[in-house]
1. Which aspartates and glutamates does Lys252 reach when only Cα atoms under 18 Å apart count, and residues fewer than 8 places away in its own chain are ignored?
2. Going through the DSSP H helices of the chain, which span 18 Å or more along their own axis at the Cα atoms while scoring at least 0.5 as a mean Kyte-Doolittle hydropathy?
3. In terms of solvent-accessible area of protein heavy atoms at a 1.4 angstrom probe, what is the ranking of Ser288, Ser73, highest value first?
4. How about segment 105-183: which GluC sites (Glu not before Pro) there are in a DSSP loop, with at most 14 other Cβ atoms within 10 Å of their Cβ?
5. Over 28 Å between C-alpha atoms is what I'm after, so list which of Lys157/Lys371; Lys115/Lys157; Lys139/Lys350; Lys157/Lys367; Lys326/Lys367; Lys115/Lys345 land there.
6. Among Pro119, Ser386, Gly355, whose Cα projects farthest towards the positive end of the dipole of the chain, with charges put on the beta-carbon of Lys, Arg (+1) and Asp, Glu (-1)?
7. Roughly speaking, to the nearest percent, how much of segment 146-225's 1.4 Å accessible area is carbon and sulfur?
8. Once a ≥ b ≥ c are taken as the square roots of the eigenvalues of the Cα gyration tensor of segment 103-194, is the result rounded (a/c under 1.5), prolate (a/b larger than b/c) or oblate (a/b not larger than b/c)?
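The values are calculated or read from the model by the stated rules, or taken from the named source; none is laboratory data. From a predicted model like this one, the values you see are computed outputs, not experimental measurements. Reconstructed Cβ throughout: ideal geometry from the backbone, glycine too, with neighbour counts over all protein chains shown. Accessible surface areas use protein heavy atoms only, side chains included; no ligands, DNA or RNA. Shrake-Rupley method; radii C 1.70, N 1.55, O 1.52, S 1.80 Å.
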Amino acid sequence: MQYTMNQQKSPILLAPGPTEVDPVVLNAMSTGAESHFAQPFADTFGETLTMLRTLFQSQDPRAQPFVIGGSGSLGWDFVATNFIEPGERVLCLSTGFFSDAFAECISTYGALTNKLTVPLGAAHDLEVVERELRTAKYKALVATHVETSTGVLTPLKPLSDLIKRVSPETLFIVDGVASIGAEEFYFDEWEIDVVATGSQKALSCPPGLSILMVSALALEVALARKAPPASWYASLSRWLPIMQSYEKKEVKYFATPPTQLVHALHAVLTGIVSQPLEQRFRQHREKSDQVKKAIRELGLTQLVVHPQYEANGLTAFWLPSGLEAKEFLATMALKGFVISGGMHKTLGQKYVRFGHMGYSVVSEPTKHIDKGVQVVRESIMEFYTSRLRESTVTTQVNVDYEHSVCSDLWQIDGQKVLDLGIEVL
């Protein structure tokens, strides 16, 4: 069965998830009805699980990948109900909306969460984390590798080293929903115990799969827990034999897997493992640099305070004063591109998030990122032009979108803005 693109032109999706999907992947999932007991599906699922080991860079045969039908957020429930028992302490490093939600999920299952917070756009000071780790016995430390709401990247290797030095009995649990497939990630080398991700971000697979990698130690912890898991569907003890069986290409049943989505993930991973992972990481770094350079040239600033904590899969940036996210997003949509607004209780309308991950990055002929950057530039310049016309400046302006560069500062109604290649005639 061949996938056929809708004749009506759709806008290009440059949100930080979901992302554009390769037509090859769409074709792969355009299968007829298929039994999850059929051997061809077992073969596909088994190969998919094995390729996940390559994606996560894990060669430990005792570790286990999981693919479960559900949102990426299902991974939070999987973590909370299997690796942490009621009353146990968990140190949660908050860097924004999603890391806060992960902490809330964990506490829902009865854990005693201690949330370390930082100012918006900042990352955690390891000395502060170390002091906290020394104050109590923590069952787990939970970190969000890339905080989708802010674009903050949390370096994992230094955290892992800290945990092994200060509190080696503490499990290291990572939310990799916005990082896996875009950021360097070494499951074995960094001694990570659990990482949870989803299908719809840098992997560029349609939404609907919760994907995890679990270390041998974490498996032992989950299987030895005293209290039974507080979830039936997210129970590791139920899913583990299913994953082990399918990875051997043998059918075993607990709950029906989403067969078409497994085919899609198989196609995605086949493409990813066909080239060195470092090449994929480099492509994301280069496109990230391109977007961030354009934002700087527009006179705008990112939410991320320090460059070493900038994610490679998205850029969150503050809009000019007087321009709200809903207005900017509407302008972008009219030009054929969809990005995302901010996710903050009081500042959400003040910034937007541009996603540059997955298919739109690695499929260079599509030029999604290049075109998206140009539309951001045009939209910002149109706003500045309108401000000039509305201001006390009465000179005629001519905007050269194609060759815009930052130069001098203008005063518009007493506010400084950058002259983005706007010529006064």
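1. Of all the aspartates and glutamates, those that pass the test against Lys252 - Cα under 18 Å, at least 8 places apart if same chain - are Glu34, Asp43, Glu47.
2. Values: long enough: 39-56 (26 Å, 0.21); 259-273 (21 Å, 1.36); 277-297 (30 Å, -1.96); 368-390 (33 Å, -0.52).
Span-like helices here: 259-273.
3. On the way: Ser288 0, Ser73 55 Å².
Ranking Ser288, Ser73 by accessible area, largest first, yields Ser73, Ser288.
4. Hits after loop and neighbour filter: Glu169.
5. Values: Lys157/Lys371 35 Å; Lys115/Lys157 20 Å; Lys139/Lys350 38 Å; Lys157/Lys367 33 Å; Lys326/Lys367 25 Å; Lys115/Lys345 18 Å.
Pairs exceeding 28 Å: Lys157/Lys371; Lys139/Lys350; Lys157/Lys367.
6. With unit charges placed on the Cβ atoms, the residue in question is Pro119.
7. On the way: 1050 of 1920 Å².
About 55 percent, which is the carbon plus sulfur part of the accessible surface.
8. Rounded, because the longest to shortest axis ratio a/c is under 1.5.
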